[in-house]
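Asks: Quick one: the structure is below, and I'll ask about it shortly.
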Amino acid sequence: MTESEIRDAVREAAKLAKASNPLTPSITNTVTINFVANAQLAVGGSAAMVYLPDEGVSMAKAGAAMYINVGTLFPIYAETLPKTAAVLHEEGKPWVLDPVAIGMGQMRTDLLMTFKDYKPSIIRGNASEIIALAGLWGLEGGTDTSDVRGVDSTDSVRSAAHAAAALAQWTGGAVAVSGEEDLITDGRQIVLSQGGSEMMPCITGTGCSLGGVMAVYAAVADPFIAAITGAAVYNLAGTKAAAHASGTGSFQTAFIDELYIATPDAIAQNPLAVEEV
């Protein structure tokens, strides 16, 4: 796709999300549930937060798309997450995976390995998480020795490009690597989305909520465009919120406001660059 075609598709995705209010359930990090839900609502989605196995299956069937984040795991998730992902795959529903803190504990590793066959539509993580997931799944560019420090990345966004492309080629969807600039790929093209604020890593939930917002857009657009649109609205909102926030507390409130008032035209015009893989 050309840059112009990408911008047109992003504009349309932003319009459709606001117009259709797609139900986009989440099974997400308990630390960030409120932020994820509010971000999804701000961009036009309808949020539903679930964690029980029967709820996950029901929401996978009822929702237009879904978000799964493995940030905080409870024993019941060993049943909830595989059942939910299996239904999403069987139903052909788009879903977003956030492999938070990959490598920390056997249950998390086992769950993330299970997701390989269910092929998430979008995988969103920091560079270290993306490299480690490609390694876990035995794909090119990955390594099982990537230094994942909890939820923090110790690798650069660019260093994850090969792993991200391999993951996207495996799933047939898209991979988004978050960082100072966001790298999104469908395994053929790379889009670099720019903007944001230095305050974004200083509040809990910007990454988790980005995954939730990408799921909203995945309900109305293909995975590549959905991921680009999510990154664009986040970088736009981060830039604008930082201009009138006095610190991280007011930034968080201003950020949700900016997500809410962002127009499709403004989202589509957020700075980006297009490259071939």
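Asks: All but one of (1) touching a helix residue (DSSP H, G or I) at 6+ places or on another chain (Cβ under 9 Å); (2) within 19 Å of THR72 (Cβ to Cβ); (3) modelled with pLDDT under 95 hold for GLY150; which doesn't?
Replies: (1)
Asks: Let me ask something additional. Looking at this structure, is THR253 part of a helix (DSSP H, G or I) and either free of Cβ contacts under 8 Å to residues at least 40 places away in the same chain or on the phi > 0 side of the Ramachandran plot (or both)? Please lay out each step first, then the result.
Replies: Numbers: part of a helix (DSSP H, G or I): yes; either free of Cβ contacts under 8 Å to residues at least 40 places away in the same chain or on the phi > 0 side of the Ramachandran plot (or both): yes.
Criteria met by THR253.
Asks: Which members of region 173-191 meet the condition of being over 14 Å from SER128 (Cα atoms) and crowded, with 24+ Cβ neighbours inside 10 Å?
Replies: Correct list: GLY173, ALA174, ILE184, THR185, ASP186, VAL191.
Asks: If you go through region 94-111, how many residues are surrounded by fewer than 19 Cβ atoms within 10 Å (Cβ to Cβ) and within 24 Å of ILE225 (Cβ to Cβ)?
Replies: Qualifying residue count, region 94-111: 0.
Asks: Here are the criteria: (1) in contact (Cβ under 8 Å) with a residue 24 or more places away in the chain; (2) polar (S, T, N, Q); (3) out of contact with any Phe, Trp or Tyr (no Cβ under 6 Å at 6 or more places or on another chain). Tell me which single one SER121 does not satisfy.
Replies: The number of the failed condition is (3).
Asks: For ASN34, all conditions in the list (1) more than 23 Å from ASP222 (Cα to Cα); (2) among the polar types (S, T, N, Q); (3) buried (at least 19 other Cβ atoms within 10 Å of the Cβ) hold save one; what is the number of the exception?
Replies: The failed condition is (3).
Asks: I'm checking my understanding of the structure. Among residues of region 33-75 that are part of a loop (DSSP other than H, G, I, E, B) and closer than 26 Å to PRO264 by Cα, which one is nearest to the chain's Cα centre (by Cα)?
Replies: The selected residue is ALA65.
Asks: Follow-up. Has region 235-246 got any residue that is surrounded by 16 or more Cβ atoms within 10 Å (Cβ to Cβ) and outside any helix (DSSP H, G or I)?
Replies: yes
Asks: Being touching a residue at least 60 places away in the same chain (Cβ under 8 Å) and either among the polar types (S, T, N, Q) or touching a Ser or Thr at 6+ places or on another chain (Cβ under 6 Å) (or both) narrows it down to one of PRO53, PRO94, so name that one.
Replies: PRO94
Asks: Can you tell me which residue in region 77-122 is farthest from ALA166 (Cα to Cα), limited to those that are among the basic types (Lys, Arg) and in contact with a helix residue (DSSP H, G or I) (Cβ under 6 Å, 6 or more places away or on another chain)?
Replies: Residues of region 77-122 that are among the basic types (Lys, Arg), as a first pass: 83, 93, 108, 116, 119.
Those still in the list that are in contact with a helix residue (DSSP H, G or I) (Cβ under 6 Å, 6 or more places away or on another chain) too: 83, 119.
Values: LYS83: 25, LYS119: 13 Å.
Restricting to residues being among the basic types (Lys, Arg) and in contact with a helix residue (DSSP H, G or I) (Cβ under 6 Å, 6 or more places away or on another chain), the top hit is LYS83.
Asks: For HIS162, are the conditions met, namely being modelled with pLDDT under 95 and more than 21 Å from VAL100 (Cβ to Cβ)?
Replies: So HIS162 fails the test.
Asks: From the list MET104, MET113, which one is of a type in the set (A, V, I, L, M, F, W, C), modelled with pLDDT under 95 and either in contact with a Leu (Cβ under 9 Å, 6 or more places away or on another chain) or over 28 Å from THR239 (Cα atoms) (or both)?
Replies: After ruling out the rest, the residue left standing is MET104.
Asks: Hey, another quick one. Does region 112-127 hold any residues that are buried (at least 24 other Cβ atoms within 10 Å of the Cβ) and over 15 Å from the mean Cα position of the chain (by Cα), and which are they?
Replies: PHE115
Asks: With respect to THR24, determine if the residue is out of contact with any strand residue (DSSP E or B) (no Cβ under 7 Å at 6 or more places or on another chain) and not aliphatic (A, V, I, L, M).
Replies: On the way: out of contact with any strand residue (DSSP E or B) (no Cβ under 7 Å at 6 or more places or on another chain): no; not aliphatic (A, V, I, L, M): yes.
Criteria not met by THR24.
Asks: Which of the residues that make up region 212-229 are in a helix (DSSP H, G or I) and either in contact with a strand residue (DSSP E or B) (Cβ under 7 Å, 6 or more places away or on another chain) or farther than 18 Å from LEU16 by Cβ (or both)?
Replies: Of everything in region 212-229, those that are in a helix (DSSP H, G or I) and either in contact with a strand residue (DSSP E or B) (Cβ under 7 Å, 6 or more places away or on another chain) or farther than 18 Å from LEU16 by Cβ (or both) turn out to be GLY212, MET214, ALA215, VAL216, ALA218, PRO223, PHE224, ALA226, ALA227, ILE228.
The values are calculated or read from the model by the stated rules, or taken from the named source; none is laboratory data. Since the structure is predicted, the reported quantities are computational estimates derived from the model, not experimental observations. With ideal geometry, Cβ positions are generated from the backbone for all residues, glycine too; neighbour counts draw on all protein chains shown.
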